[in-house]
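The next block holds one structure in the form of structure tokens; read it before the comments.
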């Protein structure tokens, strides 16, 4: 499940939730090469991770072949469909002839019963037929799309669609119509690459004498270069975003904004999205996928996330880096301090390594003598002050003032000595979390061995 499919599921789910309807999960698995158990599991796991739950399903089309056969026979009996015995070789030859004449390749209707009679065609031995739909040849097919508005197609543009392949497996357009009828689907929300399929489906609904669902075709998602979204643009599996350290609510938030908006709201919860979502504010033009914007939205959700939850996600990342979180300060407190500096779980772990991955050695660090004296004085003060951020801050300020130095002249070498880094959160907060023992030990190591 990639971002396009996930967004379609999200829009459908939110529409059903807002209106008190049912969200139906259907696995269209008739492409046997692509439909593996692994791909099914990825869809289910991706939806669960995003928090998109379903009321019915999952239903699998390959478990419903008898039903598609039954409906196809109904259409044949009513004169809306027929058996076609044209071979693949004949189809390919017809296609080449049409292209040579500059025509759009299309089936010529030769096995329509009346045409087959005129052409004196006989059923060939040993050939399993497909079932084709008898598409009306006059007039047009039209509908009012809930996103795009009125759309119409001339019937003359449509040839006779294959409903059932020779092996009894339905084509997409036939399978989804039968499923929509059996599952009582009222609204179909899908990508606008399906607009051309809709007139064919409407014809089948009409031939069966059934009420149409309402159709809403949402805009495609493109890369920043305007090309169709691909892996090079970031169109990876939903679960890869999980593995890369994105929060599910952040990806959901970002997908919601791809082609839909609610005023100026950029960062919002799943609950807000359900309360706000409607089709009136789905854009007609294509949306552009922006990985930097996704990272920014993830950062906003990280800032507001529960520290204990983030700690559970960060701990395995720390262990990958060789750290032992139990041997340092409370991971939850560390997360609380550093989470505003990260836009993913791995980045959060990298920030947290400040407290778990430094040996205390700072080879090559040179501290001016005046700053060294100030740090010795600070070390003595820190040995006795209450170990809380405010008192630590006061001690640092007092030493800076009494030494006649500026804050960076003391704070920068202090930061390097106790963390090994030039940039950290506020140094008083860092010292508080590191503990008095660790801070005094590291100061002593440096000030005593590098005179």
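Once you reduce region 63-91 and region 1-55 to the center of their Cα atoms, the two points are 29 Å from each other. Normalising the average separation of contacting C-alpha pairs (under 8 angstrom, six or more residues apart) by the number of residues puts the relative contact order of region 232-381 at 23 percent.
How tilted is helix 407-419 with respect to the longest principal axis of the chain? Cα atoms for both, answer in degrees (0 to 90, nearest 10). Long axis of 407-419 versus the principal axis of the chain: about 70 degrees. Region 161-183 and region 378-426 have Cα centres lying 72 Å from one another.
May I ask you to sort 19, 262, 80 by Cβ crowding, counting other Cβ atoms within 10 Å and putting the fewest first? Walk me through the intermediate numbers first.
Numbers: 19 11, 262 16, 80 19.
By the 10 Å Cβ count, ascending: 19, 262, 80.
This ranking places 151, 204 by how few other beta-carbon atoms lie within 10 Å of each, fewest first, which gives 151, 204.
Sort out for me the Cα centre separation of region 240-306 from region 193-218, rounded to whole Å. Computed from Cα coordinates, the inter-centre distance equals 30 Å. With R₀ set to 41 Å, the beta-carbon distance separating residue 121 from residue 220 gives a calculated FRET efficiency near 0.45. The distance between label points at residue 196 and residue 445 comes to 6.7 nm (points 7 Å beyond Cα on the Cα→Cβ vector).
Within a 10 angstrom radius of the beta carbon, how do 339, 293, 96 rank from fewest other beta carbons to most?
Numbers: 339 21, 293 14, 96 11.
By the 10 Å Cβ count, ascending: 96, 293, 339.
Available extension along the chain between residue 110 and residue 426 is 105.8 nm, counting 0.36 nm per residue and deducting the alpha carbon span. For the pair residue 306 and residue 66, label points projected 7 Å from Cα toward Cβ lie 4.7 nm apart. The mean of 1/r over all pairs of different alpha-carbon atoms in the chain, once inverted, gives a Kirkwood hydrodynamic radius of 27.1 Å. Relative to the longest principal axis of the Cα atoms of the chain, the long axis of helix 3-18 makes an angle of roughly 80 degrees. A full extension of the chain between residue 227 and residue 36 corresponds to an added length of 65.9 nm, given 0.36 nm per residue minus the alpha carbon distance. Helix 198-207 and the longest principal axis of the Cα set of the chain meet at an angle near 50°. Size of region 64-218 from its Cα atoms: along the principal axes, largest to smallest, the extents are 45, 39, 23 Å. Extension gain for residue 283 to residue 330 (0.36 nm times residue separation, less C-alpha to C-alpha distance): 12.3 nm.
Quick note: the coordinates plus some simple rules give every number you see, no bench work behind them. From a predicted model like this one, the values you see are computed outputs, not experimental measurements. A quick note on method: Cβ atoms are made from the backbone with ideal geometry, for glycine too, and the neighbour counts reach across all protein chains shown.
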